[in-house]
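The values are calculated or read from the model by the stated rules, or taken from the named source; none is laboratory data. Remember, predicted model here, so these are calculated numbers, not experimental data. Cβ placement follows ideal geometry from the backbone for every residue including glycine, while neighbour counts extend to all protein chains displayed. Calculation scope for accessible area: heavy atoms of the full protein, side chains included, ligands and nucleic acids excluded. Shrake-Rupley method; radii C 1.70, N 1.55, O 1.52, S 1.80 Å.
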Amino acid sequence: MSSPLRLSRRTLTLSVGLSVVTVLTCLVAFLPVPFVTMRPGPVFNTLGELDGTPMLTFGDDVRTYPTDGRLDFTTVSVTRAESRMSLAGAIEGWLDPDVNVVPHDFVYPDHQTNEQSTAEGAAQLASSQDASRAAALRAAGITVPEVPKVSAVVEDGPAQGRLEVDDLILTVDGEKVATQESVGQAVGDREPGDDVTIGYRRDGKDGTVTIRTTAMDDDPDRARVGIAVGSTFEFPIDIENHIGDRVGGPSAGTMFALAIYDSLTPGALTGGQNVAGTGTIDPEGTVGSIGGVRQKMAGAAEAGADIFLVPAANCREAAEGDDFGMTLVKVATLQDAIDALGTLAKDPKAKVASCE
């Protein structure tokens, strides 16, 4: 028979062993792992107000029409770049069907900081707002000319101090240019060392500047003035988007475009229903894919959405889980969304293209 002393020693050894295992388990659980979570974020009604100001406002001379219902754009809340997720946090995320756990480098490539990510998202948002304006106006039958602009000025290049970023380029040697390609062609056809006169518009005022060209680094027979050329639009009406820095990225573009279109055309596009959705958009109205569609669907459902607009490229992912009681509408273009919402406004049970 074991003595009380021997039992005591065994009990003590077992207790110490369990304590060590418990401590080690806790330490492992809090070890950082290279992952981030994507969770449902807030939704914003593009037909509503932010801090007492309408999300979208139009110039005083622009005719708008009453709207109804909601057109929500959805967001994803992502772990900050500098945050370090614990193993326990990752496991908790994996067990939650509304949370996606992804590698840190997938969201923040090349050791990107949160500040850099925010700046990139702000630039994408600004570009998306321009594209949504152009797409919506064109869908409403309004002409929106595209014009080339200075997107960068090469340091110590011929144009430094002569042209500025965001200058609109109107002419090259008196000839009108309508695209960024036509600007490059017009300047590149000169002989290096030739002077070229560029007509521009800056802050609403037109001007000209004559610049002596130099040879391109990779083609000594082709002239350059030391600028990068992008494109923008000359909007015929004033439209302001007041989302500010609350979100970043391009994925709200489709919902912004729908709200603009709804405001500029008679009748309520939603038919009074709560519509949410996501998707990038280009000036021609093509709807592009986004990340975190399942998280955006969960956020939309929480906000009471009846209909969720899904980019066609995201349909398979969207249909892989719960639809949260929403009608999932498949959209490849802005016109697809307009047509589907018009049909559902008349009959919420009507058959439209869906994610199945």
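Quick look at the numbers
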read-out: Per-pair calculated FRET efficiency, R0 = 45 Å: V62 and Q185 via Cβ, rounded to 0.05; value: 0.80
read-out: Relative contact order of the chain, defined on C-alpha pairs under 8 angstrom at six or more residues apart (%); value: 21 percent
read-out: Per residue, in Å², the accessible surface of the stretch 59-124 once ligands and nucleic acids are set aside, probe 1.4 Å; value: 63 Å²
read-out: Dipole-positive endmost among G157, H104, F256 within the chain (Cβ charges, Cα centre); value: H104
read-out: Options [x] 50, 33, 16; [y] 34, 25, 20; [z] 38, 24, 17 - which one matches semi-axes √(5λ) of the Cα gyration tensor in Å as calculated here; value: [x]
read-out: For I239, solvent-accessible area (1.4 Å; no DNA, RNA or ligand), Å²; value: 10 Å²
read-out: GluC sites (Glu not before Pro) restricted to DSSP loop in the stretch 158-232 with at most 16 other C-beta within 10 Å; value: E164
read-out: Within the chain, helix-based [θ] at 222 nm, where runs of 4 or more DSSP H residues each add -39,500 (n - 2.57), nearest 500; value: -10000 deg cm²/dmol
read-out: With Cα atoms, 0 to 90° folded angle of helix 253-264 axis to the chain main axis; value: 60 degrees
read-out: Whole-number D in µm² s⁻¹ for the stretch 183-227, Kirkwood Cα-pair radius fed into Stokes-Einstein, 4 °C, 1.567 mPa s; value: 118 µm²/s
read-out: Rounded to the nearest 20 debye, dipole of the stretch 61-173 from Cβ charges on Lys, Arg, Asp, Glu; value: 380 debye
read-out: Carbon/sulfur fraction of accessible area - the chain, other protein chains in place, 1.4 Å, %; value: 51 percent
read-out: Rg(Cα)/(2.2 N^0.38 Å) for the stretch 164-280, N = residue count; value: 1.53
read-out: The stretch 160-201 and the stretch 130-149: distance between their alpha carbon centers, rounded to Å; value: 23 Å
read-out: Positive-pole candidate from I281, L328, A228, dipole of the stretch 214-356, charges at beta carbon; value: L328
read-out: Trypsin sites (Lys or Arg not before Pro) within the stretch 218-297: DSSP coil, no more than 16 neighbouring Cβ in 10 Å; value: R246
read-out: Accessible area (Å², per residue) of the stretch 163-299, counting only protein heavy atoms and a probe of 1.4 Å; value: 44 Å²
read-out: Paramagnetic reach from A228 (point 7 Å along Cα→Cβ, amide N under 15 Å) across the stretch 141-156; value: 149-156
read-out: Shape call, the stretch 87-194: gyration tensor on alpha carbons, a/c limit 1.5; value: oblate
read-out: Overall form of the stretch 257-308 per C-alpha gyration tensor (a/c, 1.5; a/b vs b/c); value: oblate
read-out: Residues of the stretch 192-211 with amide N under 12 Å of a point placed 7 Å along Cα→Cβ from V147; value: 199-207
read-out: Only Lys, Arg (+1) and Asp, Glu (-1) charged, at Cβ; the stretch 107-178 dipole about Cα centre in debye; value: 440 debye
read-out: In degrees, nearest ten, helix 293-302 long axis to first principal axis of the chain (Cα); value: 80 degrees
